[in-house]
Amino acid sequence: MAEFQNIIIIDSPVYDNHDTGGGTHPETPERVRAIRERLNSGPLASFLKWVEPRPAARKWLMAVHDESYLFRFEEAVLAGQTWLGHQDNQICFDSFDSAVMAAGAGLAGVDLLEKGAEKLVFCPVRPPGHHAERAMALGFCFLNNIAIAADYWQRVYDRQRIFILDFDAHHGNGIQAAFETSAAIFYASIHEHPTYSFPGSGYAEERGLDGGRGATLNIPLPPGAGDDMVLEAVKEKIGPALENFRPEALIIAAGFDAHEQDDMSGLDYSTILYSRLGGWIRKWAGQFCGGRVLSILEGGYNPQALALSVESYLAGLAYDKM
Ligand SMILES: [Zn+2]
C-alpha cells in the first residue's frame, strides 16, 4: 500500500532578517517565504511538522571554518559593512545570526534523525552554504551548512561514512574543499559545467586528494541539459557510487536553481524532475541509512519555481509511489 511519510521542516523566522540589500540581489527573504506559503497551503501540509532550530555552537562552526574568519564575519556585520569579501555576499546587522541559525538547523536535523522517529528532515535555510570555504564567503554563502552538519554527524554520532549529494545547479566548491582529503565523507555533485558556470570548479577530473581520492564525484552537465541527462547520471554514476560506498548517513545539498524558470543557470530541469530525484534518494536512504535523509536548501532564485520544486522534491522523498 502506498504510504506518505511525515517530513520535519526545520525553519526559523531569523532567516528572514538576512537582508541582502534589496535591488537586484537574487538571494532574498522572499525565497523562504514562498516555500513556507506553498508548503502550508499545498497538498503536503498535513504531513509536515514544523520545528525551530537552535543557533549552532561555535565549536561546530570551527570544525569547518577558521575562527579568525568567524570573527571577521561577525565584526563586519556589527560594523555595519554591507558586504563580506565580495559584493555578491551582501550582509546586514542580522546576517551573522541568520547564518549561525542556518548552520544550527542542520545540527538539529541530525539530532532529530538520530533520536526521533521521523526519517525525513528538510531545512529551508538562508543564507545558503555550499560555496563557503574555510576562510571565505562566496556566492551568497557564509557558513557551510552542509559541511558543518556532516562533521557534526560524524563526530557526535560516530557515523563513519557519510554521503553528500549536491544537485544545486552550481558546484559546491566549499563542501568539496572541506572533505576532499577524507575517504569517510563522499561528495557527489551534478552541476552545470564549470567552463560556463560559477564558481568554475567541479570538473570530472576532480576526484578527491590524497587519502580521499575516489571519494569525490563531479558530474558536469552542458548548458541546456535537462531531466534525461540528470536521470542518466543518477542511474549510471550516482547509484553505483552509493552502492560502492555504502553510506551510514545521507545529506542532500538541495538547490533548485537548475530549474528551467530559474535564470541563475543554463540548466533546464522540470519541476517534476525533483520528485524523481526525491524518489531515488528515498530508495537509497532505505537501502543504506534506515530511511533517514537530511536535506538542506542551497540555491533556487525564482521564488515561485523554487517553492513548487521544493514541494515536488519532498513529495518524491515522502511518497513511495513517486
Ligand atoms: Zn546554485
Q) So how many residues does region 47-104 have that are under 23 Å from residue 24 (Cβ atoms) and among the acidic types (Asp, Glu)? A) 2
**Q.** Out of 252, 296, sole residue that is in contact (Cβ under 8 Å) with a residue 24 or more places away in the chain, touching a Gly at 6+ places or on another chain (Cβ under 7 Å) and part of a strand (DSSP E or B)
**A.** 296
**Q.** Residue among 297, 306, 317 that alone is under 15 Å from residue 7 (Cβ atoms) and within 16 Å of the ligand (Cβ to nearest atom)
**A.** 297
Q. For region 196-221, what are the residues that are in contact with an Asp or Glu (Cβ under 8 Å, 6 or more places away or on another chain), more than 18 Å from residue 257 (Cβ to Cβ) and not in a loop (DSSP other than H, G, I, E, B)?
A. 212, 216
Q: Select from region 161-185 the residues that are touching a Leu at 6+ places or on another chain (Cβ under 6 Å) and within 16 Å of residue 206 (Cβ to Cβ) and write down the one among them that is farthest from the ligand (Cβ to nearest atom).
A: 181
**Q.** Among (1) modelled with pLDDT of 95 or more; (2) more than 16 Å from the ligand (Cβ to nearest atom); (3) under 13 Å from residue 51 (Cα atoms) - the single one residue 125 does not satisfy
**A.** (2)
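Do you know which of the residues in region 171-195 that are touching a helix residue (DSSP H, G or I) at 6+ places or on another chain (Cβ under 9 Å) and assigned to a loop (DSSP other than H, G, I, E, B) is surrounded by the most Cβ atoms within 10 Å (Cβ to Cβ)?
172
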Q.
Out of everything in region 265-282 that is among the hydrophobic types (A, V, I, L, M, F, W, C) and under 16 Å from the mean Cα position of the chain (by Cα), what residue ends up being nearest to the ligand (Cβ to nearest atom)?
A. 277
(Q) Please list, ordered by residue number, the helices (runs of 4 or more DSSP H) wholly in region 44-133 having 2 or more residues that are touching a residue at least 40 places away in the same chain (Cβ under 8 Å) and touching a strand residue (DSSP E or B) at 6+ places or on another chain (Cβ under 8 Å). (A) 67-78, 95-115
**Q.** Residues satisfying the stated conditions in region 229-247, i.e. in contact with a helix residue (DSSP H, G or I) (Cβ under 7 Å, 6 or more places away or on another chain) and within 11 Å of residue 186 (Cα to Cα)
**A.** 242, 246, 247
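The values are calculated or read from the model by the stated rules, or taken from the named source; none is laboratory data. The structure displayed is predicted, hence computed values, not measured ones. Glycine gets a Cβ as well: all are built from the backbone with ideal geometry, and neighbour counts include every protein chain shown.
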